[in-house]
Amino acid sequence: MEFLQRTGGHFSVEEIYRNVHKAFPSIGLTTVYRTLEVLVEMGLVSRLDFGDGKSRYELSSGSGGTHHHHLCCTGCGRIVDYQEFLEEEKKVIKNIEEALSRKHNFQINEHQIQFLGLCYDCRPKEAK
Ligand SMILES: [Zn+2]
Ligand SMILES: [Zn+2]
Ligand SMILES: [Zn+2]
C-alpha cells in the first residue's frame, strides 16, 4: 500500500514485488500476489487490464487515489491518467450505467474506463 501510495502508478505484480522485496527481502512473490488479491477484495486497490495480458494494480479511489480514466498505449505501455472528463463522457457513462442496471437489475458501484491505442511517439508518421 505504501509503495502504491508513494508512486501513484500502475504496476504489475512483478514490479511491485521487485520494489517491496528491496525493503523487505523476506517477502516472496506469492505473498505479494496474495496480498494484492486481498487488497483488491477489500476495495483498497484496483486491478486493471490494459490488454497486454498482465494485470496492473493501482490505489483505488476508495483509499486516497482519485477516480480517473486511462488512455493506454499498446505500443510502449505508456498510461495516461486523466480526470478532466469530457461533458459527453460523463453523460454517456451515466446513461450506460443507468440502462445497464435497469436491463440486468444490477447495482453498479464503480467503473473502470480504459481506452487502448497508440500515443504520439508510437504512431507512424502518416497517422500524426
Ligand atoms: Zn469514471
Ligand atoms: Zn506509445
Ligand atoms: Zn490510473
* To do: Report, to the nearest 10°, how far helix 29-41 tilts away from the longest principal axis of the Cα atoms in the chain, using its own Cα long axis and a range of 0 to 90°.
  => 40 degrees
* **Average silhouette area of the chain, convex hull of alpha-carbon atoms, in square nanometres** => 10.0 nm²
* Asked: For LYS91, which lysines qualify as cross-link partners when the Cα separation must be under 26 Å and same-chain residues fewer than eight apart are set aside?
  -> LYS103
* For the chain, find the longest principal axis of its Cα atoms and tell me its angle to the long axis of helix 87-104, 0 to 90°, nearest 10. => 90 degrees
* Going 7 Å from the Cα of ASN109 in the Cα-to-Cβ direction, what parts of the range 50-67 have a backbone nitrogen less than 12 Å from that spot? -> 62
* Structure fact -> Interchain or sequence-distant (5+) residues whose placed amide H lies within less than 5 Å of the amide H of LEU116 are CYS72
* Asked: Where both residues lie in the range 67-128, what percent of DSSP beta bridges are antiparallel, nearest 5?
  -> 50 percent
* Structure fact -> Residues whose modelled amide H sits under 5 Å from the amide H of GLY65, counting only those 5 or more places away in sequence or on another chain, are SER60
* Working from the alpha-carbon coordinates of the range 67-128, get Rg over Rh, Rh being the Kirkwood radius. => 1.11
* Asked: So which GluC sites (Glu not before Pro) in the range 56-87 pass both tests, a DSSP loop state and at most 13 other Cβ atoms within 10 Å of the Cβ?
  -> GLU84
* Of THR30, THR74, THR66, which has the largest mean-square fluctuation in a 10 Å C-alpha GNM of the chain? -> THR30
* **Neighbour net charge for GLU98 - beta-carbon separation under 14 angstrom, K R +1, D E -1** => +4
* Structure fact -> Expected max-MSF residue from GLU15, GLU89, GLU97 in the GNM of the chain (alpha carbon, under 10 Å) is GLU89
* Structure fact -> When the chain is treated as a Gaussian network with springs between alpha carbons less than 10 Å apart, the largest mean-square fluctuation among ILE96, ILE79, ILE16 is found at ILE96
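Readers should treat all values here as calculations from the given coordinates under stated rules, not as data from a laboratory. Small disclaimer: the values here were computed from a predicted structure and weren't measured. We place every Cβ from the backbone using ideal geometry, glycine too, and count neighbours over all the protein chains shown.
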